[in-house]
Amino acid sequence: MKKVKFRKSLATNIIVIFMVFNILSIVLFTYYVTIKEESKSTEYAKKSMQEIVDEKSELIAITFDRIKTQVGLLGIWTEKLLQDETISQDLSTEYVLRKDGTIVRKRDESVSITAQSNIMVPKTTVKTAELMKEINLTEELDEAFAQILEKEDVTWAYIATKDNLLRCSPYRKLQDDFTSDHSQIKDIFYTMANEENNPQRKPVWTPPYTDYLGTGWTMTCSQPVYDANDQLYGVICLDLAIDNIKEKYFEGFSLGESGKVYWLDHEGNILYHTDFSRVKADQGQVYEKNIFTEGRMSSERVNALKAALDEDSGIEVFGEDHSQKMMVHSQVPGTDSALIIEIDMKEYKTTNEFDLKKAGILIVIDLFLAAVFGLLLYDKFSRPMKDLVNSANRISKGDYSSIQAKQEDCEDTYYEISQLNQAFMAMNDSIESYTETLLDKNRQINTILDTIEGTLMIVDIDGMIKIQSKVSSGITQENITRAIAQVNEQKQYFTEQLIVDGEVYKNVYYPIMKETGLVDQVVISSECITKSILLEKEMQQLEKMAGVGQLSAAIVHELKNVLALIKGAAYILDLLDEKKTGAKEIATIMKAVEEAENVITTLLDFSRRDSSGSEMIHIGTLVNQILLLSKKETIGKNIDVRLDVDVSCYIYSSGREALKVILQNIIINANQAVSCDGWIEISCHEIDSRVLIRIRDNGGGIRIEPKERVFEPFMTTKERGTGIGLWITKRLVDSLEGEIAVTEPTNGETEFVISIPKNRSE
């Protein structure tokens, strides 16, 4: 007889495991609730409360620090406003002088109350022109007040001046809160910040006092403001309502019926306590209560409070009124104060006591849900799992029809999962083999693509990109469409060069043919060859420059010989001219020869000049010197020279001679180009720490395109010109870290624009 093998269902095992796990969880949970020591629970509670108090103290400190920072910035800005001499003394119509002698501001309903402030000037203040200016000046604070009120926990933002002007935001009818002769300079927010009580001129916090504007108990941060004569102008103030502090930081504690919150300074003065809201006081009255003088306290409580004020943070436990109490405390950073939470230990334990009755109900519900879950799992899991296994087997073999597995085939333990695992393993083997092949191909392709410097792309006959190594600006959709059409027609590769955004690209298009002879895909290779072309041009330019160098040496040698002859001749003429009738002209010749010698020296040495000889170079002086040398030609042609040179234009540099050559070359070229009765305009102005020189003439323009080519060596339109003058000029401008450009503003006109830094970085 064949032995029947018992096959366990996965659903059955899951149900059993789930029930066992729940029973064990209930047992362990009950053990935890009943066995856990009360002391551990208490220590956890203390730690949690300490973390809360530390966090609240830090948040209070941050709030106070932010407000101090804001009021300090307002003070700095106000002191800068006081230096503004343009503030008008004329008041707008929105300011009204009331019958009782006070001045207030009318409400503008088009803006929010936060965006508009109101003022209060008591009747006792003399209404001078200076006061009117003061009203207009303080109005500049409205926008700053609005931003602070929006971002910070501030109830009121205001300024009170020594002349008893009060400007407060948001807008409120201040005449309803103050008497017509109220003096702001006698209020605590003013007196604590004045020169007598605050010689350090830093932001100061007032103790709690009853706000004049109906907010209740308030603390004010005041910043004194001093005018240009170092006299107290007034104080800038930001108010923080005690109720806001209470709502944000002190509410939400689980304190029981007798728990309290204290905020004390290190002397024991009360900044806040739980019953603050029940304390009534008159407008402006300061709360001057000390914790140690408020009623009789046990020595244990006094000692606990003193320890809380002296230590950074911690927990003090003391007995009082037949109960054990706990004080959790933490210093408020930067405020010389401490936050203290007092809790009755008995009440605190009650609030955290575990409810066993409720726990029992939860346990019963948990067991019921476990039973329901088991039944649903058995019904909904087993049959679908069998169908899934059979379907997975057929899918792995390529048969997607739905076939039920026979019961006699289920021989292994956990039949459903075993069969499912086998099916998916078969599918995994097939997919793995195929995937590995694809990955190898992909790695090969990626390796090839990574080794290509340019861009390689494969597109189909419809222009869809199949493979792309990188993006290239030289390949556009228009290029692709046109290339496909050409390849289809020619059935062979072709090459083209394109210029895109100033860059030169070389594109090669290779067709991939089908067996039928039709183009299936196109391989596109794109390479930016701009650098290669530019390098070739640069080599050509360098060859030219080598020739320029040789020519320059020959020119300089010949010029020195000619200048030597001129200088000698001038010397002989001076000797022969006993009456000195031509002394002035001979002196001019000698000076011109010296200038020419300096130019030659500059042309040879400008690239290696020592920067240690920097000097102040006046542009107007150089221009006048050059015009004097060319005066003969200017007068002969009756050329109208128009000067617009700012007397303050100068540069600080060692390039005096270089600059003289630059101006001389361009001005002389203009003189030569301009015909009789023509004109030359020379202007010089300072713009953004640079000297801008413009030389413009109506000499017929430049017949070279593009115009920038005039700065290339040997480029000239003159019959006897060498073509190196403007090239030298460009090199000299570059040596001064400047820029030069040429334009034609209108037909027949030429303009050279030279920009040189005022202070050269040498």
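Yes/no matrix, rows are residues, columns are (1) in a strand (DSSP E or B); (2) crowded, with 16+ Cβ neighbours inside 10 Å; (3) basic (Lys, Arg):
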{"position": "Leu627", "(1), (2), (3)": "no, yes, no"}
{"position": "Lys632", "(1), (2), (3)": "no, no, yes"}
{"position": "Ile635", "(1), (2), (3)": "no, no, no"}
{"position": "Arg642", "(1), (2), (3)": "yes, no, yes"}
{"position": "Tyr652", "(1), (2), (3)": "yes, no, no"}
{"position": "Glu657", "(1), (2), (3)": "no, yes, no"}
{"position": "Asn665", "(1), (2), (3)": "no, yes, no"}
{"position": "Ile682", "(1), (2), (3)": "yes, yes, no"}
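Could you grab me the full set of residues in region 43-101 that are modelled with pLDDT of 90 or more and aromatic (Phe, Trp, Tyr)?
Listed by number, the residues that qualify are Phe64, Trp77, Tyr95.
Of the residues Thr215, Thr210, which single one is among the hydroxyl-bearing types (Ser, Thr, Tyr), within 30 Å of Lys306 (Cβ to Cβ) and surrounded by 15 or more Cβ atoms within 10 Å (Cβ to Cβ)?
Result of the check over Thr215, Thr210: Thr210.
Please work out which one of (1) of a type in the set (Asp, Glu); (2) modelled with pLDDT of 85 or more; (3) not in a strand (DSSP E or B) is the condition Glu316 fails and give its number.
(3)
I need every pair where a residue in region 123-150 that is farther than 21 Å from His182 by Cα has its Cβ under 8 Å from the Cβ of a residue that is modelled with pLDDT of 95 or more and aromatic (Phe, Trp, Tyr), sequence separation at least 6 or different chains.
Matching pairs, first to second residue: Phe145/Tyr158.
What pairs come out if I take residues in region 161-176 that are over 15 Å from Tyr212 (Cα atoms) and outside the structural domain of Ala115 (by TED's automatic domain parsing) and pair them with residues that are in a loop (DSSP other than H, G, I, E, B) and aromatic (Phe, Trp, Tyr) whose C-beta lies under 7 Å away, six or more apart or interchain?
Here the result reads none, with nothing in region 161-176 linked to a residue that is in a loop (DSSP other than H, G, I, E, B) and aromatic (Phe, Trp, Tyr).
Considering region 139-163 alone, what residues qualify as being more than 31 Å from the chain's Cα centre (by Cα) and surrounded by fewer than 21 Cβ atoms within 10 Å (Cβ to Cβ)?
If the condition is that a residue be more than 31 Å from the chain's Cα centre (by Cα) and surrounded by fewer than 21 Cβ atoms within 10 Å (Cβ to Cβ), then Lys162, Asp163 are the ones that fit.
I need the full set of residues from region 256-272 which are exposed (fewer than 15 other Cβ atoms within 10 Å of the Cβ) and under 25 Å from Met345 (Cα atoms), in order please.
Glu257, Ser258
Is it the case, given these coordinates, that Val126 is part of a loop (DSSP other than H, G, I, E, B) and touching a helix residue (DSSP H, G or I) at 6+ places or on another chain (Cβ under 9 Å)?
Considered against the rule, which asks whether it is part of a loop (DSSP other than H, G, I, E, B) and touching a helix residue (DSSP H, G or I) at 6+ places or on another chain (Cβ under 9 Å), Val126 comes out as no.
Residue by residue through region 468-485, note down the ones that are surrounded by fewer than 15 Cβ atoms within 10 Å (Cβ to Cβ) and either under 12 Å from Val522 (Cβ atoms) or of a type in the set (Val, Ile, Thr) (or both).
Scanning region 468-485 gives Val471, Thr476, Thr481, Arg482, Ala485.
Can you find, within region 667-678, the residue that is nearest to Ile754 (Cα to Cα) among those that are assigned to a loop (DSSP other than H, G, I, E, B) and not charged (D, E, K, R)?
So, considering only residues that are assigned to a loop (DSSP other than H, G, I, E, B) and not charged (D, E, K, R), the one nearest to Ile754 (Cα to Cα) is Val674.
Exactly one of (1) more than 30 Å from Asn229 (Cβ to Cβ); (2) part of a loop (DSSP other than H, G, I, E, B) is unmet by Lys46. Its number?
(2)
Among what's in region 48-100 and is basic (Lys, Arg) and within 30 Å of Tyr249 (Cα to Cα), pick the residue that is surrounded by the most Cβ atoms within 10 Å (Cβ to Cβ).
Checking each candidate, the answer is Lys56.
The values are calculated or read from the model by the stated rules, or taken from the named source; none is laboratory data. Note that the structure is a prediction, hence the values are computed from the model and not measured. Note: ideal-geometry Cβ built from the backbone for every residue, glycine included; neighbour counts use all protein chains shown.
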